[in-house]
1. List the pairs whose first member sits in the stretch 99-113 and is at negative phi and assigned to a loop (DSSP other than H, G, I, E, B), whose second member is among the aliphatic types (A, V, I, L, M) and within 13 Å of the ligand (Cβ to nearest atom), and whose Cβ atoms are under 6 Å apart, counting only residues at least 6 apart or on separate chains?
2. Given the residues Gln213, Gln220, which is the only one that is over 20 Å from Leu144 (Cβ atoms) and at pLDDT 95 or above?
3. Considering the stretch 16-29 alone, what residues qualify as being more than 8 Å from the ligand (Cβ to nearest atom) and at pLDDT 65 or above?
4. When both residues are 6+ apart or on different chains and their Cβ atoms are under 7 Å apart, which pairs have a first residue that lies in the stretch 52-79 and is within 9 Å of the ligand (Cβ to nearest atom), and a second that is of a type in the set (Val, Ile, Thr) and in a loop (DSSP other than H, G, I, E, B)?
5. Applying the selection to the stretch 106-117, what residues are within 10 Å of the ligand (Cβ to nearest atom) and either under 26 Å from the mean Cα position of the chain (by Cα) or crowded, with 16+ Cβ neighbours inside 10 Å (or both)?
6. Would you call Leu137 at pLDDT 95 or above, more than 11 Å from the ligand (Cβ to nearest atom), farther than 19 Å from Thr297 by Cα and among the aliphatic types (A, V, I, L, M)?
7. Among the residues of the stretch 61-79, how many are over 19 Å from Phe426 (Cβ atoms) and crowded, with 24+ Cβ neighbours inside 10 Å?
8. Suppose we filter Ile120, Ile124, Ile84 for residues that are closer than 20 Å to Lys48 by Cα and within 11 Å of the ligand (Cβ to nearest atom); which single one remains?
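The values are calculated or read from the model by the stated rules, or taken from the named source; none is laboratory data. Note that the coordinates shown come from a computational prediction; the quantities given were computed from them, not determined experimentally. So basically every Cβ, Gly included, is an ideal-geometry build from the backbone, and we count neighbours across all protein chains shown.
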Amino acid sequence: MIGPGLGEASSDSYNRIPYPSYPYSQTHPDHLAALGILTGISPKPVNKCRILELGCASGGNLIPMAYTLPGSECLGIDFSKDAIDKAKDSASKLPLKNVAFLEMDFASLDRSLGQFDYIIAHGIFSWVSKEVQDGLLSACQELLAPNGIAYFSYNVYPGWHLYRVVRDFMFFHTRGSSDNKARIKSARSIIEYLSATMPAWQPLLGQIFSHVQGQIKNSQDGYVRHDFLEEVNEPIYFMEFVERANSHDLQYLANADLNTPAYVPGDVASTVMEGVDDDIEIEQYMDFLRSQFFRQTLLCRQELPVDRTIKPGRLTTLLFSSQLTAPPTHTDPISTEVMEFEGPGDLSAGTAHPLTKAALIHLTTVYPRAVPYKELLDEAWRTLARADADAPNIDDEQSSKDTEILKHNLIRFYSQSIDMMRFHTFSPGFVTEISDKPQASPVARLQAQSDLPITNLYHQNVTMDQFPRDLLGYLDGRHSHQDLLEIAVESVNQGLLEVAVNGAPVKDPQQLRENLAPVLESQLKVMANAALLVA
Ligand SMILES: C[S@@+](CC[C@H](N)C(=O)[O-])C[C@H]1O[C@@H](n2cnc3c(N)ncnc32)[C@H](O)[C@@H]1O
């Protein structure tokens, strides 16, 4: 047989090449609860709930999550002994009383675990056999609390029909070896070679090889092993996934990522989907049009009344945060000019609507704080009133029209990307003021000692250079700014950090202090703005 046969991934395979275990902000119950509220169900408050992560690996997702939700109970399950031992070890180094890990096969899941308000199965479904997939859905139905939300991510067709060519080729090319590391190395190098050469003589396939090369280039070996060289990889069409869920008395609630990863022009979508009004069918059409290869789907119990047409009125119980920044010389919000808010990455949000501009200005000013709806609206109106003190009072009708437009715009930005606009159901416990003896999240401090990404209190990964990463370790609430400065000076003395003025390295301690003090203060500010400080 060319390509993988039907098999079952064993715990041994995950023990030998561990899967990189990272936090995924889109799996955080806060995000799931916001989507639950938007779709008309009443999810359990996230700071008093039970969370189950299936296939938690070494706890890279569940541990930071548990830290942000001290009032909730978190349980992680995985059949890899090594991964569970590592998860327990990491958790034991943190002040956490609300997280537990069990070495267990999915086949042994049963009601004795009790019910959970949030069940997370990230990167699991496609990597187990059909029987185990059904077992997972059935366990999920039994273990999900009445208003519970389950998150599943999985590989989908039609995108995976394209990837499959590359995956089968990797399998075929490495078929002679049983040494995992050697297989990964060989697969990486042949894909790198073909992605560089193939587009010239085989443009159609060349594009696919190049795309996969882009995916695996900077990824860890565990990703290549389990996504491309694993025996089991069972992609599925979205509609089939929904039907399979239905057959276990679960229903489709929402996409965890509302955004559409690849653009489809509106007229193409409307031509292809003329007369189609079922939202599940629309999702499936969109998968064909986008060549979708991965999905993140939220499920809930079949009997819950779900309304997936997001009603702006449901926004009023939520909180909002935005990582956008206002244009440096922003015009008066009252004007009808479009204001473009930037980033992160190459994201941007433009609006000419005065109330929306004023609301975004407030969010950008107070970031990382999440703002309750009422405060957002009141502040936005206040900003407009200040900007145009002479304007006559707006009548009730106009004011409610503007409020509706604001709500629609918030949903529009949120649907574009949660990196641009986030909806929350609670405020995590970070501080934005820098104290005399700053304290960073203990999770981030522990992560800084490894090669793991640094996670903030919004469960997002924060990119950091080496100096702030090293600094994090000392932000334990016992070191003053002066102590931190001396530590930075010592880092220069030990050759771990370099300070140069006009290209010449600085060695003199006093000069070092003068140069490092502003750097230190600005790094602390960056950390506070990144929701990393807790005291
Ligand atoms: C591809 S990894 C995904 C890990 C993590 N959820 C993530 O997305 O980063 C799959 C995980 O599921 C675990 N796993 C696979 N089959 C399992 C089973 N039958 N019972 C329990 N755990 C299983 C593996 O040990 C591994 O940690």
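1. Met104/Ile77; Leu109/Ala139
2. Being over 20 Å from Leu144 (Cβ atoms) and at pLDDT 95 or above holds for just one of Gln213, Gln220, which is Gln213.
3. Correct list: Pro23, Ser25, Gln26, Thr27, His28, Pro29.
4. From the stretch 52-79, the pairs are Leu54/Ile124; Gly55/Ile124.
5. Correct list: Phe106, Leu109.
6. No: the conditions fail for Leu137.
7. 2
8. Ile120
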